[in-house]
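I have placed the structure first, in the form of structure tokens, so that the comments after it can refer back to it.
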Amino acid sequence: MPVVDSSALDLTRITGNLGDAIAQVVTAHGETTLITTRERVIDVLAYLRDGEQFEMLTDETCVDYYPKEPRFAIVYQLNSLSRRLRVRVKVFLTEYDKSIPTATDIYPSANWAEREIYDLFGVIFEGHPDLRRIVLPAGYEGHPLLKEVPVTVEEVAFSFNRRRIDADKPYARE
Amino acid sequence: MAAQPTLYEAPESVLTESNVQLDITIEQLKKLVSPRAFTGETMLLNMGPQHPSTHGVLRLLLELDGETIISCIPDIGFLHTGIEKTHEGKTYSKGIPLTDRTDYLAPLSNNMAYVGCVEKLLDLEIPLRAQYIRVILLELTRMNSHLVWLATHALDIGAMSVFLYCMREREMILDVFELVAGARMMTSYFRVGGLWRDIPAGFAELVQKVLDIFPQRLMEYEKLLKDNPMWKERTVGIGVISKEDAIAYGMTGPSLRGSGVNYDVRKAYPYNSYDHFEFSVPVGSNGDVYDRYRCRMEEFHQSLKIIEQAMKRLPAGPVMVDNRKVAPPPKHEIAYSMESLIHHFKLWTEGFSVPEGEAYFAVESGKGEFGCYISANGGPKPRRVHFRAPSFYNLQALPKISRGCLIADMVAIIGSIDIVLGEVDR
């Protein structure tokens, strides 16, 4: 499988311009990940858009690393259409302070992606213009992609366990 | 003298939380619609989710001044099935059938993004024959996706015969899928490490039939629509989005190229030996409905060109990697080799483990950049699987595109950005 060549990414220039905002640079599978902090993420994204021509925020998502700490990571996939380069920016958040400034001012495409993360993980995006649930109904309680929500599989019903399975089902009976 | 009874007392706001039906507070609604909606000067109109031209279950709340759209609030999630969560409970190979169900009109593109991402995490080198067969099927998938788009888009605008013609041609492509995978829509034919099996006899003839018939059929579609004054009246200059806005909203695929941005994942980040083939990327200029239509129509010709080259140069060899920790052993080996039996047993019960790490792999599906992000935890099940659905981001630009258009044009715009709600909601 040909791997995307990210050698054209000038890491020394990026780390030189951003200074201590970049906590760590990880390169694996031909992809570069810049790990930054919640306080500096807006600076990093703004610099990458204006200084390194990463015009498009391809994707933004969240990962739950439970039981590791810090537990959550917000992952931004940036794409430079003019330079044909990708870079990933990652911010770790702890379980007790799940909030991060919104990227919608820099990349309008972050709008729905952040709503989805809020919906499925409960991460609060400060300053987001329209932070409400997007795929789940507004009355839904909880955030289903958190690891404490089990991936339930309904037991297969046979004649010997059919009654027991039926008794556990949450529907009304007379 | 008794006070005159007032005939009508104007309420402070005609909108309440209950009559908007968006599960939204009035404070939040104020940010989404103009103040005129609260005095009743403009009208809020509900479109969908059960509306034939929303291509599934998309609900739009439109603010109208007469027939002009002032603002548009998409309401999605009616088809949310929790595919990403379900992946966390499945081994890597059992996750493949789930990917078919995201963009159900282009199942093989989704398979490709997913298996490509797992292969990237495993650093697997796929045999060339498997790569070429993948290319042929991916291009057929793109044509399949575009045929459904053309059919429904034309039907929405009122050209019914195009719908019937496109569905007729789509049968030929579905026949190819049925031959190779046994299923017409939910194929799951690509596996981690290669393909489920080699192409069966009769494949070349069926593909050749597609290659022979398609050019003349494409001419028929062009005759019906390309210079049709009624079609142009409905599409030229409608739903314009500028280059800068399209990039800012994360639009990809023909919807982005219609605005004049030459970005195609097959060219920018070649995967699957796409760099072995000669093809061009059609680019529009005006960013309107007509240009997006032209881009997709030209892509039919490019897909045919790629398929023809791949069929001609299809190399011999295996279609699966020989790494037994990932690929199941051939059936005849199991009969006499103990190791093969153990590998087979381990693969179908426990599954293979993927080393800890993360990867993003994108393919150019019919709708745009379909990406897959996997965070692996070292075990046989992924920690997190996320799909970057092109329709999700293209749809996000809809309020921007439709502002100031007439309500009748809304149908044309939704058709031109080519959304599939299965992948929007996942």
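All of the numbers you see were taken from the coordinates with simple rules; none came from a lab. Because the structure is a prediction, the values reported are computed rather than measured. In this analysis, Cβ positions are derived from the backbone assuming ideal geometry, glycine residues included, and neighbour counts consider all displayed protein chains.
Note on A:GLU95 and B:GLU308: the model spin-label points, each 7 Å out from Cα along the C-beta direction, lie 6.1 nm apart.
Could you calculate the FRET efficiency of B:LEU164 with B:GLU67 from 1/(1 + (r/R0)^6), where r is the beta carbon distance between them and R0 is 30 Å, rounded to 0.05?
On the way: r = 30 Å, r/R0 = 1.01.
Calculated value: 0.50.
For peptide B:358-365, the mean count of partner chain Cβ atoms within 10 Å of a residue's Cβ comes to 5.
Using 0.36 nm times the number of residues separating B:ILE407 and B:LEU45, minus their current alpha carbon distance, what extension gain do you get?
On the way: separation 362, 0.36 × 362 = 130.32 nm, distance 1.01 nm.
129.3 nm is the gain from fully extending B:ILE407 to B:LEU45.
The protection proxy used here, the mean number of other Cβ atoms lying within 10 Å of each residue, ranks peptides B:310-321, B:237-248 as follows, highest first: B:237-248, B:310-321. Cross-link pairs exceeding 30 Å in C-alpha to C-alpha distance, out of A:LYS68/B:LYS400; A:LYS98/B:LYS346; B:LYS312/B:LYS346; B:LYS232/B:LYS400, comprise A:LYS68/B:LYS400; A:LYS98/B:LYS346; B:LYS312/B:LYS346. A Förster radius of 35 Å combined with the Cβ-Cβ distance from A:THR12 to B:TYR104 puts the calculated FRET efficiency at roughly 0.15.
Which whole DSSP H helices in chain B pass both tests: a Cα extent of 27 Å or more along the axis and a mean Kyte-Doolittle value no lower than 0.0? Helices meeting the criterion: B:128-157, B:160-181, B:203-225.
How high is the relative contact order of region B:316-366, in percent, with contacts defined as C-alpha pairs under 8 Å that are six or more residues apart?
Details: 21 pairs, mean separation 14.0, N = 51.
Result for region B:316-366 is 27 percent.
By the Cβ rule of 4.7 Å, chain B holds the following cysteines without a possible disulfide partner: B:CYS72, B:CYS166, B:CYS295, B:CYS405. Within 10 Å of the Cβ of each residue in A:58-70, the mean number of Cβ atoms contributed by other protein chains is 4.
Partner shielding of B:303-313 amounts to 0, given as the average count of beta-carbon atoms from other chains within 10 Å of each residue beta-carbon.
What 222 nm value per residue comes from the helices of the protein assembly as shown, counting each DSSP H run with n ≥ 4 as -39,500 (n - 2.57) and dividing by all residues, nearest 500 deg cm²/dmol? Spell out each step's value before the answer.
Values: 23 runs with 239 residues, N = 600.
The helix contribution divided over the protein assembly as shown gives -12000 deg cm²/dmol.
What FRET efficiency comes out for A:ASP50 versus A:ALA23 if R0 is 22 angstrom and r is the Cβ-Cβ distance? Round to the nearest 0.05. If you can, show how the numbers build up before the last one.
Working: r = 21 Å, r/R0 = 0.97.
Given R0 = 22 Å and the Cβ-Cβ separation, E is 0.55.
Taking 18 Å as the cut-off, the amide N atoms of region A:17-54 that come nearer than this to a point 7 Å along the Cα-to-beta-carbon line of A:SER82 belong to A:45-54. Take B:360-372, A:24-36 and order them by the average number of nearby Cβ atoms within 10 Å per residue, most first; the result is B:360-372, A:24-36. When each of the peptides B:337-350, B:70-83 is scored by how many other beta carbons lie within 10 Å of its residues on average, the order from highest to lowest is B:70-83, B:337-350.
What shape does region A:11-142 have by the C-alpha gyration tensor, where a ≥ b ≥ c are the square roots of the eigenvalues, rounded means a/c under 1.5, and otherwise prolate means a/b greater than b/c and oblate the rest? Prolate, since a/c reaches 1.5 and a/b exceeds b/c.
Against chain A, whose longest principal axis comes from its Cα atoms, helix A:110-121 is set at around 40 degrees.
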